[in-house]
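Here is the structure we will look at.
The values are calculated or read from the model by the stated rules, or taken from the named source; none is laboratory data. Bear in mind that the values here come from a model prediction, so they are computed numbers and not experimental data. For neighbour counting, all protein chains shown are included, and Cβ atoms are generated from backbone atoms with ideal geometry for every residue, glycine included. Areas reflect the complete protein model, heavy atoms only, side chains present, ligands, DNA and RNA absent. Shrake-Rupley method; radii C 1.70, N 1.55, O 1.52, S 1.80 Å.
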Amino acid sequence: MNPRPSLASRIGVGIAVAAVLIFTLFPVYWMISSAFDAKASSGGQSLLPQEFTLDNFTFVLTDGGFGTYLRNSAIVALVTVLVSAVVCLLAAVAVARFRFKFRTTVLMMILVVQMVPLEALVIPLFLQVKTLGLLNSIIGLMVVYVALSLAFGIWMLRGFVAAVPVELEEAAYIDGASWWRMFRSILLPLVMPGLVATSIFSFITAWNEFIFAMTILGAQTDQYTVSIGLKSFFGLHSNDWGSIMAASTIITIPVMIFFVIVQRRLSAGMVAGAVKG
């Protein structure tokens with residue numbers, strides 16, 4: 001029988017947990033507190049808002065043009081998630097279930113791509129987008145984000161597809177199911193946690209990324225995303241901290257909503273579609 005931890009050790013663990021929570025959550029609290037503080041714009045923010053106001057949010061969404069940036073980011077993120085999810089899933093099924101020439105080479109190339117720093121891909125992807133005639137458009141940015149999501153998504157989903165017993169698929173075929181029916185009723189529910197994980201990665205990449213967005217969109221301000229729009233509140237000699245914090249709070253909300261919507265699917269589907277033998 002294991003001895004119960006002493007009071008001192010429990011207090012020590014409690015203090016350590018509290019310190020980690022404060023270290024993690026305080027920046028979020030400071031962001032939200034400053035967003036509602038009327039004096040934050042002049043650099044006079046404090047631990048608690050001195051004058052509660054919504055003017056920072058009003059300015060960001062109206063004069064700051066952040067509504068347009070939110071719309072552009074939502075379109076880019078949604079298209080990136082949908083396209084990358086479909087392509088990654090089909091590619092993962094191909095490399096996990098079928099044997100074809102250069103299959104091992106393809107898998108090694110996918111692994112190598114993940115080792116390349118994103119900064120090293122800026123110029124090659126810029127030149128490819130320019131060649132396609134998609135420069136200074138969110139369509140070109142979508143193409144780049146989908147390309148960035150493929151390597152990670154295919155590699156992760158390959159493991160989920162390979163973990164599904166082939167016997168389940170064979171049992172479905174014996175019962176007269178077509179490939180599409182087997183895919184929809186057996187394989188898709190079982191790989192759904194991996195699909196959700198890759199979708200979260202794709203969404204966060206498309207929502208928060210700055211370097212590629214600034215490079216591809218250039219001076220096309222009406223197609224800027226939120227990451228570039230946030231930069232407009234930083235001045236050469238001073239910063240509008242109230243607007244910066246309000247915009248940062250607005251940027252954070254969609255990510256939280258998206259995660260709340262899909263987080264249940266991370267555990268759901270682990271045994272869905274299985275059969276009892």
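Structure summary
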quantity: The chain - mean residue ellipticity at 222 nm from DSSP helices (-39,500 (n - 2.57) per run, n ≥ 4, rounded to 500); calculated: -22500 deg cm²/dmol
quantity: Peptides 248-257, 132-141 ordered by average Cβ neighbours within 10 Å, highest first; calculated: 132-141, 248-257
quantity: Rounded accessible area per residue of the chain, 1.4 Å, Å²; calculated: 58
quantity: Top of LEU82, LEU217, LEU70 by mean-square fluctuation, Gaussian network on the chain, Cα under 10 Å; calculated: LEU82
quantity: Where labels lie 7 Å past Cα in the beta-carbon direction, separation of ARG97 and ASN208 in nm; calculated: 3.4
quantity: SER185-LEU7 pseudo-label distance in nm [points 7 Å out on the Cα-to-Cβ vector]; calculated: 6.3
quantity: Rounded, prolate or oblate (a/c below 1.5 giving rounded, otherwise prolate when a/b exceeds b/c) for the stretch 137-193 by Cα gyration tensor; calculated: prolate
quantity: Amide N of the stretch 144-168 lying under 16 Å from the label point, which is placed 7 angstrom from the Cα of VAL106 along Cα→Cβ; calculated: 150-162
quantity: From phi via Karplus (6.51, -1.76, 1.60), per-residue ³J(HN,Hα) for the stretch 117-131 in Hz, x at Gly/Pro; calculated: x, 4, 4, 6, 9, 4, 5, x, 5, 4, 5, 5, 5, 5, 5
quantity: GNM result for the chain, Cα springs below 10 Å: residue of SER149, SER33, SER178 fluctuating most strongly; calculated: SER178
quantity: Calculated FRET value between LEU82 and ILE15, using beta carbons and R₀ = 51 Å, to 0.05; calculated: 0.65
quantity: Sequence-separation-based contact order of the chain, relative, with Cα cut under 8 Å and 6+ spacing, percent; calculated: 30
quantity: In Å, descending, principal axis extents of the Cα set of the stretch 192-256; calculated: 48, 26, 17
quantity: Carbon plus sulfur fraction of accessible area for the chain, probe 1.4 Å, in percent; calculated: 71
quantity: Estimated FRET transfer efficiency (THR24, ALA163; beta-carbon r; R0 30 Å; 0.05); calculated: 0.40
quantity: For the chain, built as a Gaussian network whose Cα springs stay under 10 Å, the top-fluctuating residue of PHE183, PHE126, PHE102; calculated: PHE102
quantity: Within the chain: Cβ-based charge dipole about Cα centre, in debye rounded to nearest 20 (Lys, Arg +1; Asp, Glu -1); calculated: 980
quantity: Trypsin sites (Lys or Arg not before Pro) restricted to the stretch 93-144 and DSSP loop, no more than 12 other C-beta within 10 Å; calculated: ARG99, LYS101
quantity: Residues whose placed amide H lies under 5 Å from that of ASP240, excluding near-sequence neighbours; calculated: GLY235
quantity: Semi-axis lengths (Å, descending) of the ellipsoid that matches the C-alpha gyration tensor of the stretch 1-127; calculated: 43, 33, 14
quantity: THR62-ALA171 FRET efficiency (beta carbon distance; Förster radius 41 Å; 0.05 resolution); calculated: 0.10
